[in-house]
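Presented below is the structure to which this report refers.
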Amino acid sequence: MTLKLHHLNASRSQRLVWLLEEMQLPHEIIHYTRSTETNLAPDTLLKIHPLGKSPLLEDDALVIAETGAIAEYLLAKYDTEHKFHPTSSNPDYAKYIEWVHAAEGAPFLPFLLVVYMRVANAEGSPLEARLIEEQMKVIGFIENHLRDNAYFGGANFSAADCLMGFNIQNMSMHPAFDKSGATAAWLEKVKQRSAYQRMLAVGI
Ligand SMILES: N[C@@H](CCC(=O)N[C@@H](CS)C(=O)NCC(=O)O)C(=O)O
């Protein structure tokens, strides 16, 4: 097995750097840097996949795109002891899988769209106000979940935490983020993990 992660700076690819570190899977990281003008990935990524986006995982001859798909692939193939993903018979499974998908789903969209609007100088529009309302709903939803659960997937740390970590890091800069709430406490807790610190050392 030769795992290669094509990693773009300041991107959701850091979720997989963290997961690979948690799983202690030998891998190589190939770094790409965003254009300072457009914030886009360099064209060299197009040689790996037609969309030219990061993350991309190569496992020998295979190339996989989409953060969630890459995580599920790594877990299905290499986490055979289910240390980082519960089995489907585990009572926490539904919660776990919901957060795995939430990382790129409805809770992510209002944050992503506001970033796009800022890049396009489209701030202050009625759409932005609507997205900020959605962001507030998401912040509350996550806070309530983490008030009742130690981790995203329930009682135990799992890949769902690695996937949601990028969202929470960004959310922690939001003016409505409660710095003494359960989400902030979750962030402080996961920052203590050695794999999280190794992810930071790789450069996010
Ligand atoms: N849904 C995809 C989104 C991939 C994506 O949009 N990646 C961003 C990084 S956060 C990217 O490569 N942007 C640079 C570009 O589009 O040129 C995933 O989860 O992997």
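Overview of values
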| quantity | calculated |
| --- | --- |
| Cα shape, the chain, gyration tensor, a/c 1.5 rule | oblate |
| Dipole-positive endmost among Ile48, His101, Leu146 within the chain (Cβ charges, Cα centre) | Leu146 |
| Leu127 paired with Ala61, simple spin-label distance in nm, labels 7 Å along Cα-to-beta-carbon | 4.3 nm |
| log10 of Debye I(q)/I(0), alpha-carbon scatterers only, for region 93-193 at 0.16, 0.19, 0.20, 0.24 Å⁻¹ | -0.67, -0.91, -0.99, -1.32 |
| Formal net charge of residues neighbouring Arg15 (Cβ-Cβ distance under 12 Å; K, R +1; D, E -1) | -4 |
| 13 Å beta-carbon shell around Asn149, net charge (K/R +1, D/E -1) | -2 |
| Relative packing of 180-187, 4-11, which averages over residues the other C-beta atoms within 10 Å, highest first | 4-11, 180-187 |
| Span-rule helices in the chain, defined as complete DSSP H runs reaching 27 Å or more along the axis (Cα) with Kyte mean at least -1.0 | 126-148 |
| Dipole in debye (nearest 20) - region 93-193, about Cα centre, beta carbon charges: Lys, Arg +1; Asp, Glu -1 | 240 debye |
| Cα-centre dipole for region 40-111 with unit charges at Cβ (Lys and Arg positive, Asp and Glu negative), debye to 20 | 120 debye |
| Cβ-Cβ FRET estimate between His101 and Glu37, R0 fixed at 35 Å, reported to 0.05 | 0.60 |
| Total charge dipole magnitude, the chain, about the Cα centre, Cβ charges on Lys, Arg, Asp, Glu only, Debye to nearest 20 | 320 debye |
| Calculated [θ] (222 nm, deg cm²/dmol) that DSSP helices of n ≥ 4 give over the chain, each run adding -39,500 (n - 2.57) | -15000 deg cm²/dmol |
| Sequence-distant lysines (8 or more away, or on other chains) whose Cα lies within less than 20 Å of Lys4 | Lys47, Lys53, Lys77 |
| Distance in nm between pseudo-label sites at Lys47 and Leu200 (7 Å out along the Cβ direction from Cα) | 3.4 nm |
| Candidates Asp79, Asp43, Asp92: whichever shows maximal mean-square fluctuation once the chain is modelled as a Gaussian network with Cα springs under 10 Å | Asp43 |
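Where a number appears in this text, it was derived from the coordinates with a stated rule and is not lab data. Please read these numbers as outputs of a predicted model, since none were measured by experiment. Cβ atoms come from the backbone with ideal geometry, glycine included; neighbour counts cover every protein chain shown.
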